[in-house]
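The values are calculated or read from the model by the stated rules, or taken from the named source; none is laboratory data. Just so it is clear, the structure is predicted and the values come from calculations on it, not from any experiment. A quick note on method: Cβ atoms are made from the backbone with ideal geometry, for glycine too, and the neighbour counts reach across all protein chains shown.
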Amino acid sequence: MAKELTIEEGRAIMAASERCGTFLEDIGTTDMATMTEEQWLDFLAHCYTTICESVAAEIELLDDVPF
């Protein structure tokens, strides 16, 4: 069973969701099984950095670490 996300984690994932979907469309595939290793690693990096940016923005707004 997956860990339940905090409100802040959920917001970060929602913020990243659309941008990560757009990234997949930009590279021309939404089928992860057909991705090259480079595409897969780029996708993961894109998702990770987008989520981190969202969390950083939340922290800046709160002026406190939310977790």
Flag if Thr29 is among the β-branched types (Val, Ile, Thr), assigned to a helix (DSSP H, G or I) and free of Cβ contacts under 8 Å to residues at least 60 places away in the same chain: no
Residues of the range 1-42 satisfying the condition of being among the hydrophobic types (A, V, I, L, M, F, W, C) and under 9 Å from the mean Cα position of the chain (by Cα): Ala12, Ile13, Met14, Ala15, Ala16, Cys20
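Of everything in the range 43-61, what is charged (D, E, K, R) and either out of contact with any helix residue (DSSP H, G or I) (no Cβ under 7 Å at 6 or more places or on another chain) or part of a loop (DSSP other than H, G, I, E, B) (or both)? Give them in sequence order. First the steps, then the outcome.
If we filter the range 43-61 for residues that are charged (D, E, K, R), which is where we start, we get 53, 58, 60.
Selection gives Glu53, Glu60.
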The range 33-51 residues that are among the aromatic types (Phe, Trp, Tyr), paired with ones that are in a helix (DSSP H, G or I) (beta carbon under 9 Å, 6 or more apart): Trp40/Met32; Phe43/Cys20; Phe43/Phe23; Phe43/Leu24; Phe43/Ile27; Phe43/Met32; Tyr48/Ala16
Which numbered condition Asp63 fails, given (1) among the charged types (D, E, K, R); (2) surrounded by 10 or more Cβ atoms within 10 Å (Cβ to Cβ); (3) at pLDDT below 90: (2)
